[in-house]
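Here the structure comes first, spelled out in structure tokens, and everything after it is commentary.
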């Protein structure tokens, strides 16, 4: 088995479009959540959403290249280029059989809506055009990135709801550890548009704190009342540790273990043992004891049932003395398909910046979330051994074990 190094990261999120801006937002406990006037006009119960501002889609891509790409694939391309630049890997170095692509993505809603609208408006299919075919496919991320970057190894997208990004990073690490690939560009992306969120809103799953968007997402708090949808793109370059060292790359961290599980119970209600099985598997894979973890980046989305279940799973693994815990969704909202990957990126940024970001908006626990060591203000020390949790509809769970050297 080979060791797996993290050598590059890229991020486009509601906290910013580059590593420096996002790092500052995490350190300051700054929220990227807003109330969208268009959703209010359309009759959403909750118009709250993460918002990406100031992104230039023409920075790297021509209009023709973007024809086959939904907005979130353009974000992912920029994030991947940023990660490759940090890793010191020019495109010539990745255009080979030993470089793969694995990304998490579980929908591409807007393109599907647009092609149906065109048919209804014109009464014929020839007006739809070829671009919408590739924009509407769940695998749109990896097919477009593969074409643009020229990689020739693994190339597929993982669809597992809100754990998609976590499983993509974990599987990428496994491919390297098993000697199947020397490096993998991996991550996840999520669209931000009202079309993809109206059915969620109809379920009453979103927070109703419209008057104070930055205080709406309250993971683990007694007064949490629902999640806030968000999105963006997160990318990582993972490499065989020895090869990365050999070429003089800066090692940002090590992906030490990957655990996965499924609940086998309910479509939308998480179990009290599924996520703990994933955490235990990640810890065992890295040869690490629960007491060695000094930060847990929680999945908690600010829903009553979901946060309660994760709290129970965390207590089952760590007992009465848990490591510092925060859910960064308190600032970003729930980044859905990308969240498992973005948490790894955010953890790298915290380790590089020498701090642990807070779980903002946490005032007090309820009975279900009591007993967790919630980080309520920025801790000025770098995390060294981190667990990143993600979970999704259908009871699919991912846990990633990271190690950083100070």
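Any read-out appearing in this document is the output of simple, stated calculations on the displayed coordinates, not a laboratory observation. Computed from a predicted structure; not experimentally measured. Glycine also receives a Cβ, built like all others from the backbone with ideal geometry; neighbour counts cover every protein chain displayed.
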Between region 132-149 and region 1-24, how far is it from one alpha carbon centroid to the other, in angstrom? 22 Å
Where both partners of a DSSP beta bridge lie in the chain, what percent of those bridges are antiparallel, to the nearest 5? 65 percent
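When a footprinting reagent is the concern and you count Cβ atoms within 10 Å, what order do 106, 211, 366 take, fewest first?
The order, fewest Cβ neighbours first, is 211, 366, 106.
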Hey, in the GNM for the chain with a 10 angstrom Cα cutoff, which one of 272, 77, 299 fluctuates hardest? 272
Quote the relative contact order of the chain in percent (integer), defining contacts as alpha-carbon pairs under 8 Å separated by 6+ residues. 24 percent
I'd like the distance between the alpha-carbon centres of region 171-227 and region 252-271, rounded to an integer number of Å. 14 Å
For each of 295, 241, count neighbouring Cβ atoms within 10 Å of the residue's Cβ, then give the residues from fewest to most. 241, 295
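Would you mind ranking 68, 147 by Cβ crowding within 10 Å, fewest neighbours first?
Least to most surrounded, the residues fall as 147, 68.
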Between residue 265 and residue 130, what length in nm is gained on full extension when 0.36 nm per residue of separation is reduced by their alpha carbon distance? 44.6 nm
Would you please classify the overall shape of region 115-162 from the alpha carbon gyration tensor, given that a ≥ b ≥ c denote the square roots of the eigenvalues, rounded means a/c under 1.5, and beyond that prolate means a/b larger than b/c while oblate covers the rest? oblate
Could you check the simple spin-label distance between residue 138 and residue 56, using points 7 Å along Cα→Cβ, in nm with one decimal? 3.6 nm
From the Cα centre of region 279-321 to that of region 35-50, the distance in Å is 33 Å
